[in-house]
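One structure below.
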Amino acid sequence: MASGANSDTLLARDVTSSEIENPRQPLINGVTSSESYSATAAILPFLFPALGGLLYGYDIGATSGAKISLQSSSLSGTTWYNLSSLEIGLVVSGSLYGALIGSVLAFTIADFLGRRRELIISAVLYFVGALLTAMAPNFPVMVIGRFVFGTGIGLAMHAAPMYIAETSPTQIRGRLISLKEFFIVFGMLLGYISGSIYVDLIGGWRYMYATSAPICLIMGIGMWWLPPSPRWLLLCTIQGKGSLPHVREVAITCLCRLRGVAFSSSASEQVDLILDELSYVDQEKQAAFSEIFQGKCLKALIIGAGLVTGQPSVLYYAATILQSAGFSAASDATRVSILLGLLKLIMTGVAVLVVDRLGRRPLLIGGVSGIAISLFLLSSYYTLLKALPAVAVIALLLYVGCYQLSFGPIGWLMISEIFPLRLRGRGLSIAVLVNFASNALVTFAFSPLETLVGTGVLFAGFGVIAIASLLFIFFIVPETKGLTLEEIEAKIL
């Protein structure tokens, strides 16, 4: 570890790769402390918040099967199975609209409630939404259930990465936050499997949605048992919302629970270091709304919004691409969906294993480069190579694999790390809102754009967006590997 870095280096606004090659430089008085922790103790503080991501992924996977079951005259088990395209759109996208609502709510309540209580509320909304959807006696109640479940998604995808980032040991923070993306993909796979199991049962869609209810309960009970984020507690205290001696003792107790017995001897020292670093990076004042668009938070917002909006998606077109390669039957589509889910899971696992060793930027640059190649391959297929459907399938697999190495896990990781602590709740809520809003925009705009300019030109346009994203990552996105959250704020922003 470095021990004599001068203040000019510590406060540098732009950090070069050589400066972060040895990233654990101390912030204050040339002193830092190593973070000891128990790997066993770190599991549950990750697992219960990550279940929020698993439920999000499960909803995506299960809805693909539920849509088929719900529209079947013989299998829906309802008298209102003859749904219009608009009504089907509400079923499929209802959770997405709810997630937009949840993201807006998170902006106003996140800093007041704290990460833990926000996740508890999210689990309750997940549970109520799942039961309303599964037991819906008519279509309007089902749509309400989808919106309620989606609101839970918005809160969970906002609070989970923050809680994991603020409670994880620095050495494995990147791995754990990226592992949340692994849980999202694993949830999708479980949803696809659930769909294949229940799709031939009468009222099978009800079972698909009801299956998530026990997971919601486990998440809620687990978050109730876990302690609040010590960093959030200390932030509230230095902003005048409690007695410092009392909250300091509570934070020490929380850290010991989060890191295990091995950490108990250094918990007090670590809490004092966090307090010093929070004071050092000027966290005493409460955040005003205008500050989100100024200084450090504006830079973080540009990075975060750039990472979540620069993701051109071909997955909305995956079914058509596979049909062109001969996978047209419903059974084929189900099996291929499961195989795609397995590929996403494997590649996300690779990212999880290497993110804290290689860093964030190499995975983003390598993955987005592959995404750009896959998009131009798809454009070539639809304009020049229609006689070679294998090109489209290879391009689709390349896209899925590269996405799960880069934007999938690393995007969520970066937006949970880069916002200043006192603005993190509101800043991250805006980034999550932008993410869901851009997804909604792509969902609505894909078909009209395809009709207007043609599929080949559309994918070429997506390829240009991918190249723009690559340039943005290369010149704007910093490396955060090995830095504490306070060091990221002081040295990079």
- Query: Which residue pairs have Cβ atoms closer than 8 Å, lie 6 or more positions apart in sequence or on different chains, and pair a first residue in segment 181-197 that is open to solvent by less than 30 Å² (accessible area, probe 1.4 Å) with a second residue that is modelled with pLDDT of 85 or more and not in a helix (DSSP H, G or I)?
  - Reply: SER194/THR211
- Item | Residue ID - surrounded by the most Cβ atoms within 10 Å (Cβ to Cβ), chosen from residues in segment 469-493 that are over 22 Å from the mean Cα position of the chain (by Cα) and more than 23 Å from LEU423 (Cα to Cα) | LEU471
- Message: Among the numbered criteria (1) β-branched (Val, Ile, Thr); (2) surrounded by fewer than 19 Cβ atoms within 10 Å (Cβ to Cβ); (3) modelled with pLDDT under 90, which one does VAL355 miss?
- Response: (2)
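Looking at this structure, is VAL434 under 28 Å from ASP111 (Cβ atoms), of a type in the set (Val, Ile, Thr), under 18 Å from the mean Cα position of the chain (by Cα) and surrounded by fewer than 21 Cβ atoms within 10 Å (Cβ to Cβ)? Can you show your working first?
On the way: under 28 Å from ASP111 (Cβ atoms): yes; of a type in the set (Val, Ile, Thr): yes; under 18 Å from the mean Cα position of the chain (by Cα): yes; surrounded by fewer than 21 Cβ atoms within 10 Å (Cβ to Cβ): yes.
Taking the combined requirement at face value, the residue satisfies it.
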- Could you please let me know if GLY98 is buried (at least 24 other Cβ atoms within 10 Å of the Cβ) and touching a Phe, Trp or Tyr at 6+ places or on another chain (Cβ under 7 Å)? yes
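Can you say whether LEU155 is at pLDDT 90 or above and more than 20 Å from ILE121 (Cα to Cα), as far as the supplied structure shows?
Values: at pLDDT 90 or above: yes; more than 20 Å from ILE121 (Cα to Cα): no.
Considered against the rule, which asks whether it is at pLDDT 90 or above and more than 20 Å from ILE121 (Cα to Cα), LEU155 comes out as no.
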- Message: Tell me yes or no: at least one residue of segment 140-147 is within 20 Å of the chain's Cα centre (by Cα), β-branched (Val, Ile, Thr), at pLDDT 90 or above and open to solvent by 10 Å² or more (accessible area, probe 1.4 Å).
- Response: no
- Task: Please determine, by comparing only the residues of segment 367-387 that are more than 27 Å from the chain's Cα centre (by Cα) and not hydroxyl-bearing (Ser, Thr, Tyr), which one is nearest to PRO409 (Cα to Cα).
- Result: LEU377
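The values are calculated or read from the model by the stated rules, or taken from the named source; none is laboratory data. Keep in mind the model is a prediction, meaning the values are calculated, not measured. In this analysis, Cβ positions are derived from the backbone assuming ideal geometry, glycine residues included, and neighbour counts consider all displayed protein chains. Note: accessible area is taken over every heavy atom of the protein model, side chains too, but ligands, DNA and RNA are not part of it. Shrake-Rupley method; radii C 1.70, N 1.55, O 1.52, S 1.80 Å.
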